[in-house]
Amino acid sequence: MKEEHAREAGDAEEEQIGPGAPEQVTEARLPDEGKQAEEVLVEEQAADELDALRQELEEARAKEAEYLDGWQRAMAELANARKRFQREQEHSYTNAKAGVLASLLPIVDDVERALDTVPEALSNEPWFEGLTLILRKQQRFLEQEGAEPIETAGQEFDPFLHEAVTHEPSETVPQGHVIAELHKGYKVGDRVLRPSMVRVSSGPLSVPEPPLEEPAADDE
């Protein structure tokens, strides 16, 4: 009886291990393949998301460069506008100052002429000293504003600084140079407020050469 029971148990184990075993292994492999496919799908999705993020980053960088370029252009235009406005202000101020100084010059001329015509005997009078003080203040004001007399004595004639009243011969002053000043001129920097009226040398007076004497004809 014991041997029969042992034989039946062995046959039962062979049946379980034998024909049904390959089907169980195949069924065990199926979950692993599904897991691998799912991992591949996840990796592909991650790669797609990474590509999308890279594209967004490139677009953001492009927009950043565009905004930076626009900002730099705007700042450059603003700086140019400020410089242009400053130049216009300086130009307007220079023109206004030049107009005021030019209008003052005739007054200075009148005071100078008045003092030049006063006899020496009256040079100690209080009113003469008062006129002299007024002239000094006017000249000091011109100097403080950058106005200075134009040099003329012995200078070469410059049409931008001088106005020729006469051209006359001179034995001492070279040709094209100023002989004397008739009316004082002024300038502020390179800007002429009023040109100097001057006499200009045309050089030494040329003496015409005597005509050549023709040889006398021989008498026959």
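We did not get these values from a lab; they are worked out from the coordinates using the rules stated. Bear in mind that the values here come from a model prediction, so they are computed numbers and not experimental data. Cβ placement follows ideal geometry from the backbone for every residue including glycine, while neighbour counts extend to all protein chains displayed.
Counting only residues at least eight positions apart within a chain, or on another chain, there are no lysines with an alpha carbon under 18 Å from that of LYS63. Among HIS177, HIS162, HIS167, the order by Cβ neighbours within 10 angstrom, fewest to most, reads HIS167, HIS177, HIS162. Summing Lys and Arg as +1 and Asp and Glu as -1 over all other residues whose Cβ lies under 12 Å from the Cβ of SER201 gives a net charge of -2.
Within the same chain, lysines fewer than 8 places from LYS83 are excluded, and of the rest, those with a Cα less than 27 Å from its Cα are LYS97, LYS187. Once you have a ≥ b ≥ c as the square roots of the Cα gyration tensor eigenvalues for the stretch 148-205, tell me rounded if a/c is under 1.5, and otherwise prolate or oblate according to whether a/b is larger than b/c. Verdict is prolate for the stretch 148-205.
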